[in-house]
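Just so it is clear, none of the values below were taken in a lab; they were calculated from the coordinates. What you see is a predicted model; the values in this text were computed from it and never measured. Cβ sites come from the backbone with ideal geometry, for glycine too, and all protein chains shown count toward neighbours.
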Amino acid sequence: MEKIYIFGHKNADTDSVCSAIAYTWVLKRNGLNVEAYRLGKLNKETKFVLEKFGVEEPELLEDVEGKTCILLDHNEFKQSANNIEKAEILEIIDHHKMNFSWHKPIAILVRPVGSTCTIIGEIFLSELTDEDLKDEEVKKIAGLLLAGILSDTLVFKSSTTTGIDINIADILSQIADIEDFENFGEEMLKKKSDISDIKTRDMILGDSKEFEFNGKKVLIGQLEVLDDSQALERENEIFEELKKIKQEKGLHSCVFVLTNVLKEGSYMFVVTDDISLFEKAFDKKSENGKAFLEGIMSRKKDIVPKLEKAF
Ligand SMILES: [Mn+2]
């Protein structure tokens with residue numbers, strides 16, 4: 001049987017890695033020859049989660065030419081593995097806006113929920129028998145899926161959170177024996193907030209995505225923290241790096257979003273050819289390219305649609 005490669009997006013995060021591991025578990029159980037992979041280095045939060053549940057890091061996948069693939073947590077080729085155009089795509093499971101077309105019909109499951117782990121969580125739960133609930137392996141997978149949901153929804157504080165995310169997380173936490181899952185979520189976020197040994201450039205690019213708005217290339221990097229003091233101290237460096245990245249990649253705009261989960265808003269740092277587009281999008285004047293935007297927490301739901309409209 002031909003091997004199937006399962007992976008989330010580039011700049012791997014907890015949702016994309018954990019959903020890939022869990023979906024692999026489900027498909028293996030159904031007799032398929034599948035393996036989970038990561039596209040790139042894992043962040044501290046994801047490493048912490050894998051260590052907590054004693055799960056090994058998936059192997060790195062660089063090129064998928066000629067390989068049979070399932071894409072999780074993304075559908076845009078720009079965010080996918082190298083040579084994805086030359087791969088065989090079997091299925092996509094995602095919670096992002098679709099920007100995808102393929103030369104033949106494939107299985108696509110997209111739901112407007114807070115994380116891909118929520119969708120995989122439902123599939124996973126529908127598979128389980130009473131006997132499975134005592135299985136240590138099942139508990140681990142439930143824990144990973146819970147982590148993915150908590151990470152992507154910022155412990156349910158993100159505007160992308162739905163009732164389905166909370167319900168699925170609740171059931172998963174019981175299976176995984178993690179009663180105080182808000183506390184677990186905060187522990188995860190704290191790992192992400194510690195940027196002491198991370199270069200400013202990696203802080204910006206670690207979770208970044210490139211978009212095209214009205215033909216203009218825009219890169220948006222994001223970091224979600226509980227304490228923003230370490231990152232804010234680096235304001236000058238942040239702008240310097242944004243300028244460099246903008247030039248290197250030939251961008252119209254290069255943006256860093258520093259989301260403070262406790263303040264329930266984000267600082268936005270922008271280097272752009274036209275700041276008026278940003279001021280219009282968020283209805284806020286910037287101070288030399290910097291502004292605090294209340295209630296803006298999700299790149300996908302609060303930022304990208306506003307910029308798309310303004311551009
Ligand atoms: Mn996700």
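Odds and ends about this structure:
- Charge context of GLU235, other residues only, Cβ under 14 angstrom, K/R +1, D/E -1: -3
- For the chain, calculated [θ]222 nm from helices alone, where every DSSP H run of n ≥ 4 adds -39500 (n - 2.57): -11500 deg cm²/dmol
- Sorting the segments 138-149, 203-214 by their residues' average number of neighbouring beta-carbon atoms within 10 angstrom, most packed first, yields 138-149, 203-214.
- For chymotrypsin sites (Phe, Trp or Tyr not before Pro), the sites in the range 95-131 that DSSP calls loop and that have at most 13 other Cβ atoms within 10 Å are TRP102.
- Semi-axis lengths (Å, descending) of the ellipsoid that matches the C-alpha gyration tensor of the range 17-142: 24, 17, 14
- Convex hull per residue volume in Å³, alpha carbons only, for the range 44-116: 118 Å³
- Taking amide hydrogens as placed 1.01 Å from N in the peptide plane, the amide H of LEU293 sits under 5 Å from those of SER266, TYR267, MET268, each at least 5 positions away in sequence or on another chain.
- Cα centroid separation - the range 106-132 against the range 208-229, whole Å: 28 Å
- Count Lys and Arg as plus one, Asp and Glu as minus one, and take only other residues whose Cβ is under 11 Å from that of PRO305; the net charge is then +4.
- Counting only alpha carbon atoms, the long axis of helix 116-127 and the longest principal axis of the chain meet at about 10°.
- As a rough guide to protection, the peptides 302-309, 249-256, 288-295, 7-14 ranked by mean Cβ packing within 10 Å, highest first, stand as 7-14, 249-256, 302-309, 288-295.
- Local electrostatic count, ARG111, Cβ distance below 10 Å [Lys/Arg +1, Asp/Glu -1]: -2
- Gyration tensor (alpha-carbon) shape descriptor, the range 96-211, a/c threshold 1.5: oblate
- Rh (Kirkwood; distinct C-alpha pairs) - the range 234-298, Å: 12.1 Å
- Remark: the range 182-238 is approximated by an ellipsoid whose semi-axes, taken from the C-alpha gyration tensor as √(5λ), come to 25, 15, 9 Å, largest first.
- Centre separation in Å (Cα based) which lies between the range 12-86 and the range 137-177: 18 Å
- Cα pair distances of the range 155-279 binned at 10 Å [whole percent]: 12, 37, 29, 17, 6, 0
- Within the chain, all pairs of alpha-carbon atoms sorted by distance into 10 Å bins from zero give the percentages 6, 28, 35, 23, 8, 1.
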